Amino acid sequence: MKQKQKNHILHTPVLANEVLALLKPKAGETYLDLTAGYGGHAGLILSKTKNFKGSVLCDRDQEAIDHVKALFDQEGIEFVKNDFYNATKLLLESGRRFDIILADLGVSSPHLDKANRGFSILRDGPLDMRMDQSQTLSAFDFVNKSSETELETILRVYGEEPRAKYISRKIIEARPINSTSELANVIKSAYKTHTKSHPATKSFQALRIAVNDELGLLEGMLPNSVSLLNPGGRLGVITFQSMEDRIVKKYFNDHANTGYEATLTLINKKPHIPSPTEISSNPRARSAKLRVVSKN
Ligand SMILES: C[S@@+](CC[C@H](N)C(=O)[O-])C[C@H]1O[C@@H](n2cnc3c(N)ncnc32)[C@H](O)[C@@H]1O
């Protein structure tokens, strides 16, 4: 495979061995990567399937799409810059089918490492957090234009943040807030005691989920992806937080545990998680959970 070598890896693919062991890519199979990111999983899977013409790499982030385009210069791979709900909808409408589909959810390392993307608590940047740079609404709008009740709901529901009420009050008092470090400091001021992780961790997660409609798109993508699978095809989803995992677990169980009418089979009943060795070499993998189903 003519995959161009990069000097350094921008994003380390998580649970790489487990992805290969459970998705079992075979020569000739067609592959749809719904979150191609920086091409780590795609490279591993395509090196087994070697079916480039039948494969599609999708991401909603223009920088990620530009990167995978530059990385995989094989004739015939299709690149789709879209969110995975709309991408799967369009692929269904065009009659495409796949043997293997992977969604590795959430943000990539460049999202967190590049201050100007506005995802990082520790690197000061604009209040952005959009995965798709062409989207109109950013974190700035959610932080500065939401009502106190709306903010509280976002922080409580998407961040499971116990101090949602106090934090939203502090945010309203401090507005306008323009940067990630300003926001992190305002959130910190709502905490009186020392916390193990940064006090803004849950709130930043909540805002990111809201800005990118992460749970809504996941709920829409799952049935579309199952419809896109050939019989015997496999769908893998890697989640990084409990709300995502609950959605995936419930969808898979609801369609696998229905007796004769079951449309899916669980490949792993319990999610696969990273080994201590993987976590020590890539701490960002620590909350990853991989669930895989096959289509009956
Ligand atoms: C964890 S990274 C994927 C990394 C990739 N598996 C690799 O090995 O390089 C997640 C990627 O998914 C993309 N993403 C997140 N939500 C998405 C969605 N709803 N639709 C399309 N892409 C999405 C992000 O832009 C990011 O590039």
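The values are calculated or read from the model by the stated rules, or taken from the named source; none is laboratory data. Being a predicted model, the structure only gives us computed values, none of them experimental. With ideal geometry, Cβ positions are generated from the backbone for all residues, glycine too; neighbour counts draw on all protein chains shown.
I'd like to check something: does region 60-77 contain any residue that is buried (at least 17 other Cβ atoms within 10 Å of the Cβ) and polar (S, T, N, Q)?
Scanning region 60-77, I find no residue that is buried (at least 17 other Cβ atoms within 10 Å of the Cβ) and polar (S, T, N, Q), so the answer is no.
Among the numbered criteria (1) surrounded by 15 or more Cβ atoms within 10 Å (Cβ to Cβ); (2) modelled with pLDDT of 95 or more; (3) out of contact with any Leu (no Cβ under 6 Å at 6 or more places or on another chain); (4) under 26 Å from Ser138 (Cα atoms), which single criterion is violated by Gly216?
Here Gly216 clears every test but (1).
Grab the helices (runs of 4 or more DSSP H) fully contained in region 169-245, keeping just those with 2 or more residues being more than 18 Å from Ala288 (Cα to Cα) and in contact with a strand residue (DSSP E or B) (Cβ under 8 Å, 6 or more places away or on another chain).
Hits in region 169-245: 214-228.
What are the residues in region 179-201 that are of a type outside the set (A, V, I, L, M), surrounded by 21 or more Cβ atoms within 10 Å (Cβ to Cβ) and within 16 Å of Arg169 (Cα to Cα), if any?
Answer for region 179-201, where residues must be of a type outside the set (A, V, I, L, M), surrounded by 21 or more Cβ atoms within 10 Å (Cβ to Cβ) and within 16 Å of Arg169 (Cα to Cα): just Pro199.
Do we find that Asn144 is touching a Pro at 6+ places or on another chain (Cβ under 7 Å), in a helix (DSSP H, G or I) and at negative phi in this structure?
Answer is yes for this residue.
Does at least one position in region 3-20 carry a residue that is in a strand (DSSP E or B) and either within 12 Å of the ligand (Cβ to nearest atom) or in contact with a helix residue (DSSP H, G or I) (Cβ under 7 Å, 6 or more places away or on another chain) (or both)?
Yes: region 3-20 contains one or more residues that are in a strand (DSSP E or B) and either within 12 Å of the ligand (Cβ to nearest atom) or in contact with a helix residue (DSSP H, G or I) (Cβ under 7 Å, 6 or more places away or on another chain) (or both).
Being assigned to a helix (DSSP H, G or I) and closer than 17 Å to Ser134 by Cα is the filter here; which residues of region 79-112 pass it?
Just the residues of region 79-112 that are assigned to a helix (DSSP H, G or I), to begin with: 84-93, 109-112.
If the condition is that a residue be assigned to a helix (DSSP H, G or I) and closer than 17 Å to Ser134 by Cα, then Phe84, Tyr85, Asn86, Ala87, His111 are the ones that fit.
As an exercise: evaluate Gly76 against (1) more than 14 Å from the chain's Cα centre (by Cα); (2) assigned to a helix (DSSP H, G or I) and give the number of the one condition it does not meet.
Among (1) more than 14 Å from the chain's Cα centre (by Cα); (2) assigned to a helix (DSSP H, G or I), the lone unmet condition for Gly76 is (2).
Considering only region 147-166, state which residues are more than 17 Å from Glu214 (Cα to Cα) and in contact with a Pro (Cβ under 9 Å, 6 or more places away or on another chain).
Matches in region 147-166: Arg163 only.
Please work out which one of (1) free of Cβ contacts under 8 Å to residues at least 24 places away in the same chain; (2) within 16 Å of the ligand (Cβ to nearest atom) is the condition His111 fails and give its number.
If we test His111 against (1) free of Cβ contacts under 8 Å to residues at least 24 places away in the same chain; (2) within 16 Å of the ligand (Cβ to nearest atom), just (1) comes out false.
Name every residue in region 266-287 that is among the β-branched types (Val, Ile, Thr) and either out of contact with any helix residue (DSSP H, G or I) (no Cβ under 8 Å at 6 or more places or on another chain) or not assigned by TED's automatic domain parsing to the domain that holds Ile238 (or both), in order of residue number.
Within region 266-287, Ile273, Thr277 meet the criteria.
Between a first residue in region 175-195 that is aromatic (Phe, Trp, Tyr) and a second residue that is surrounded by 13 or more Cβ atoms within 10 Å (Cβ to Cβ), which pairs have beta carbons less than 8 Å apart while being 6 or more apart in sequence or on different chains?
Close Cβ pairs satisfying both conditions: Tyr191/Arg163; Tyr191/Pro199.
Just give me the residues in region 113-123 being assigned to a loop (DSSP other than H, G, I, E, B) and either assigned by TED's automatic domain parsing to the domain that holds Glu63 or surrounded by 15 or more Cβ atoms within 10 Å (Cβ to Cβ) (or both), in sequence order.
Lys114, Gly118, Phe119, Ser120, Ile121, Arg123
Which one is farthest from Asn296 (Cα to Cα) among residues in region 233-262 that are more than 14 Å from the ligand (Cβ to nearest atom) and of a type in the set (Ser, Thr, Tyr)?
In this case the residue turns out to be Ser242.
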